[in-house]
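The values are calculated or read from the model by the stated rules, or taken from the named source; none is laboratory data. Nothing here was measured: the structure is a model prediction, and the numbers come from that model. Using ideal geometry, Cβ is built from the backbone for each residue, glycine included, and neighbour counts are taken over all protein chains shown. Ligands, DNA and RNA are excluded from the accessible area calculation, which covers all protein heavy atoms including side chains. Shrake-Rupley method; radii C 1.70, N 1.55, O 1.52, S 1.80 Å.
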Amino acid sequence: MASVAQNLTFREVISSVISSLGTGESIKIEGFGTFSLIEKPEREGRNPKTGELTIYKPTRRPKITFDKKFLERVYSSGTAPETSPETTSATAPVATPATTPAPAATPAVTPAVTPVAAPTAPVLPPPIPADLIAASQPPMLWQIKAPDNSFVEVSSNELPNWGVGANTPIYSAATGWKLAGQVPELVGIVK
């Protein structure tokens, strides 16, 4: 596991984290946390848009586990969250011996980082039944006056391309002559 030296700029720290994770190595920033990679195996899931079952490919994801010292400083600032099993185990104070301090030549021992449980994914509802989805209707055709004073037949979706606005007169056999802004089917299409 690599360790980041002190007195580096933020960009240098980020660059060091990226390069270490790129080689598959974990990196520890003293007093902050440990960056590592987790392997996610191939798994079955649902497409969030359609609700269809799908197979997700295996991936590698970056993960950060915060250092106990960092969490203690955050929680001691007066913004501690309510006690829960995850925060209790991650923020337990480090016991110090009642003896005299060790000589300066003895290297400091850093406590092991406690992993935090990953959040669970929300359960997605099943797809909407086909009988509840309204059948799409073909776009309605309208007669409009072209720039050369002739009349052309245009579908609802193409009206904005012809410069039709809310105050443009349009004609169909079903509605007769109306201003485009007064036709409920064209709300949101013409402005």
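List the residue pairs whose Cβ atoms are under 9 Å apart, where the first residue sits in the stretch 126-140 and is more than 29 Å from L53 (Cα to Cα), the second is part of a loop (DSSP other than H, G, I, E, B) and at pLDDT 70 or above, and the two are 6 or more positions apart or on different chains.
Within 9 Å, the pairs are M140/A174; M140/T175; M140/V183.
Looking at the structure I just gave you, is T83 at pLDDT below 85, over 30 Å from P125 (Cα atoms) and part of a helix (DSSP H, G or I)?
When the stated conditions are applied, T83 does not pass them.
Determine whether I38 is modelled with pLDDT of 90 or more, open to solvent by 60 Å² or more (accessible area, probe 1.4 Å) and either of a type in the set (V, I, T) or farther than 30 Å from P125 by Cα (or both).
Criteria met by I38.
Inspect all residues belonging to the stretch 164-186 and state whether any of them is touching a helix residue (DSSP H, G or I) at 6+ places or on another chain (Cβ under 7 Å), assigned to a helix (DSSP H, G or I) and of a type in the set (G, A, S).
yes
Considering only the stretch 5-60, state which residues are free of Cβ contacts under 8 Å to residues at least 40 places away in the same chain, in a helix (DSSP H, G or I) and touching a strand residue (DSSP E or B) at 6+ places or on another chain (Cβ under 6 Å).
Scanning the stretch 5-60 gives V17, S20.
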